[in-house]
Amino acid sequence: MRNLYIHVPLALKKHDLAGRVGVISMDEKVNPYKNAQKQFDKAAALMDIDKNLLVRLRKTNFELEVNFPVRMDNGDVRMFTGYRVQHRFRSPTKGGIRYAPFVDLDEIKALAFLMTWKCTVAGLPFSGAKGGVACDPSKLSKGELERLTRRYTEEMRHVFHPKLDVPAPDMGTNGEVMGWIMDTYSFLEGQRQEVAEVVTGKPIELGGIEGRIEATGRGVARITELAWTHYYGDTLSGKTVAVQGFGNVGSISAKQLHEMGCKVVAVSDVNGTIYNVNGLDIPAVLAHGAKERTVAGYGNADALGVKDVLEVPVDILVPAALENLLIKENAPRIKARMVVEGANAPTTLDAENHLLSKGTIIVPDILANAGGVTVSYFEWAQDIQAQAWEEKHVYDELNTYMTRAFERVKNAAEKHKTDLRTGAYVLAIDKVASYVNKRGLFP
Ligand code: GLU
């Protein structure tokens, strides 16, 4: 057993990031990196592709671990461990930075690996990266968090670069943290002009883009609509939904799906699940959350356990927190007809095999949650071109990218008579392999 943490952004305490991470306990034996490599292998087995190319794509190729000191508010110095991993085929590599107590190298490797396939599925000119610092942001003051972020950025000074490796928010980090990264990087580069395009997910004032905060959740909702319509020949109107995790991704997905006519019957955070068989009033739940910093205690619903959200009878389940949530043990109890992965790597291979065998449609992370990095790409391009995109333009383009990605993944899955995740990998491996092949191998 080890502790896993789920995203609870509403549980704000000392500052904007405090309480974003809460703890649930779960049997977790699956190595997320190995799990992702097995998904890759499953797709590769369907492809007629040179094994000398596959061998190059199957591993992350840059892994940095740093230990660095931060002065705490009480004057003590504490050591923190930070990571950055790249799965590099083309530049820049792209991916978020996670602040959470459980962060380790294998998790960051898995997430960097996924970013390559996600960016490629979305049609973005990036390969994958991920970073993180093992820390509990809910236990750090704002000053401690800022010093930690600035020191981590200094440690990554020769790694981050607008044309080489561009970080972004992930669990436990936000726009404010991205602003500190941009400022620190610009300072260290000795630039009198800031280097806005070194990081995405920044506050609007610092060159951030309209709509980045909502981007992942909006993308999840759009993909849900496309997948549901395609596979069940019906609209989303009245379809029942459960959303696990009420962080940025979960709360915006719930809000969007509610607005699209779904009946969101259950949502959860680290304090529990709230359930109303007639549908939750999501704007009221959001207002409750903003005030109470948790969905728990919301009046017009039954209170269930943290993990019950996964097992309530619904049409659509959106896991929107952590890895390894749908596992062998709970898969037989999952009743949803469709699982849409708002989180990265929430489903283990065993759970996936079980769900597929009973006909559940699984819309994979590398398609479903690609809206965040897609709008990060718009932000990066906007900053390089010194432009400011209108919100409507951002959302229209996001829709175009998500719709195109869905069509391509669905077609690949149908062509190879396989599931959507394997279809997404086939599509992405094919594209990356032909890129790598055309460049050749140095020396
Ligand atoms: N952390 C997000 C993800 O997992 C966004 C990454 C980015 O915008 O670069 O996709």
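Points to keep in mind about this one:
- Efficiency of FRET between residue 407 and residue 333 - r from beta-carbon atoms, R0 41 angstrom, step 0.05: 0.80
- Long-range lysine pairs (8 or more apart or interchain), region 288-371, Cα under 23 Å: 5
- Among residues other than residue 433 with Cβ under 12 Å from its Cβ, the summed charge is +3 (Lys and Arg +1, Asp and Glu -1).
- Kirkwood-Stokes translational diffusion coefficient of region 269-341, alpha-carbon pairs, 25 °C, 0.890 mPa s, µm²/s: 187
- Residue separation of residue 41 and residue 303 scaled by 0.36 nm, minus their Cα-Cα distance, works out to 90.2 nm of gained length.
- GNM result for the chain, Cα springs below 10 Å: residue of 415, 109, 291 fluctuating most strongly: 415
- For region 28-71: span of alpha carbons on each principal axis (Å, largest first): 54, 27, 10
- Note on residue 106: accessible area is roughly 50 Å² with a 1.4 Å probe, heavy atoms of protein only.
- Equivalent-ellipsoid semi-axes of region 64-130, from the Cα gyration tensor, Å, largest first: 30, 10, 10
- Considering only beta bridges that DSSP places wholly inside region 69-209, some 50 percent are antiparallel.
- Using a simple spin-label model with pseudo-atoms 7 Å out from Cα toward Cβ, residue 154 and residue 229 lie 5.2 nm apart.
- Heavy atoms of the protein chains alone define the surface here; on that basis the chain has 39 Å² accessible area per residue at 1.4 Å probe size.
- The Rg/Rh ratio for region 168-207, using Cα coordinates for both the radius of gyration and the Kirkwood hydrodynamic radius, is 0.97.
- Net charge dipole size for region 237-344 [Lys, Arg +1 and Asp, Glu -1 on Cβ; Debye, nearest 20]: 120
- For the chain, built as a Gaussian network whose Cα springs stay under 10 Å, the top-fluctuating residue of 53, 310, 427: 53
- Under a model in which nothing but the beta-carbon of Lys, Arg (+1) and Asp, Glu (-1) is charged, the chain shows a dipole of about 1020 debye around its Cα centre.
- Counting only the Cα atoms, region 287-439 fills a convex hull of 166 Å³ per residue.
- Region 70-213 - Debye-derived log10 I(q)/I(0), Cα point model, q = 0.16 Å⁻¹: -0.82
- Using θ = phi - 60° in the Karplus curve 6.51 cos²θ - 1.76 cosθ + 1.60, the 3J(HN,Hα) couplings for region 127-138 round to 10, x, 8, 7, x, x, 10, 6, 6, 10, x, 6 Hz; x is entered for Gly and Pro.
- Taking Cβ atoms as reference points and 12 Å as the exclusive limit, the residues near residue 296 contribute a net charge of -2, counting Lys and Arg as +1 and Asp and Glu as -1.
- Dipole of region 48-106 [Lys/Arg +1, Asp/Glu -1 at C-beta], most positive-end residue of 52, 103, 80: 52
- Percent of C-alpha pairs per 5 Å bin in region 225-273, short distances first: 5, 22, 28, 23, 13, 7, 2, 0.
- Of every Cα-Cα pair in region 130-284, the percent that sits beyond 20 Å: 59
- The accessible area of residue 79, taken with all protein chains in place and a 1.4 Å probe, comes to roughly 120 Å².
- Cα-based Rg / Dmax (Å) for the chain: 20.5, 66
- At 1.567 mPa s and 4 °C, Stokes D of region 133-207 from Kirkwood alpha-carbon radius, µm² per second: 104
- Note on the chain: GNM, Cα springs under 10 Å; of 387, 191, 39, the largest mean-square fluctuation is that of 191.
- Long-range amide H partners of residue 324 with built H, under 5 Å: 347
- Taking only protein heavy atoms and a 1.4 Å probe, the accessible area of the chain is 50% carbon and sulfur.
- DSSP beta bridges in the chain [antiparallel fraction, %, rounded to 5]: 55
- Alpha-carbon centroids, region 65-105 and region 231-259: separation in whole Å: 32
- Dipole magnitude of region 60-176 about its Cα centre (Cβ charges: Lys, Arg +1; Asp, Glu -1), debye to nearest 20: 420
- In this structure, the amide hydrogen of residue 264, modeled 1.01 Å from its nitrogen in the peptide plane, lies closer than 5 angstrom to those of 241, 280, counting only residues at least 5 positions away or on a different chain.
- Accessible-area ranking of 58, 78, 212, 98, largest first, probe 1.4 Å: 78, 58, 212, 98
The values are calculated or read from the model by the stated rules, or taken from the named source; none is laboratory data. Note that the coordinates shown come from a computational prediction; the quantities given were computed from them, not determined experimentally. With ideal geometry, Cβ positions are generated from the backbone for all residues, glycine too; neighbour counts draw on all protein chains shown. We work out accessible area using only protein heavy atoms, side chains counted, and drop any ligands, DNA or RNA first. Shrake-Rupley method; radii C 1.70, N 1.55, O 1.52, S 1.80 Å.
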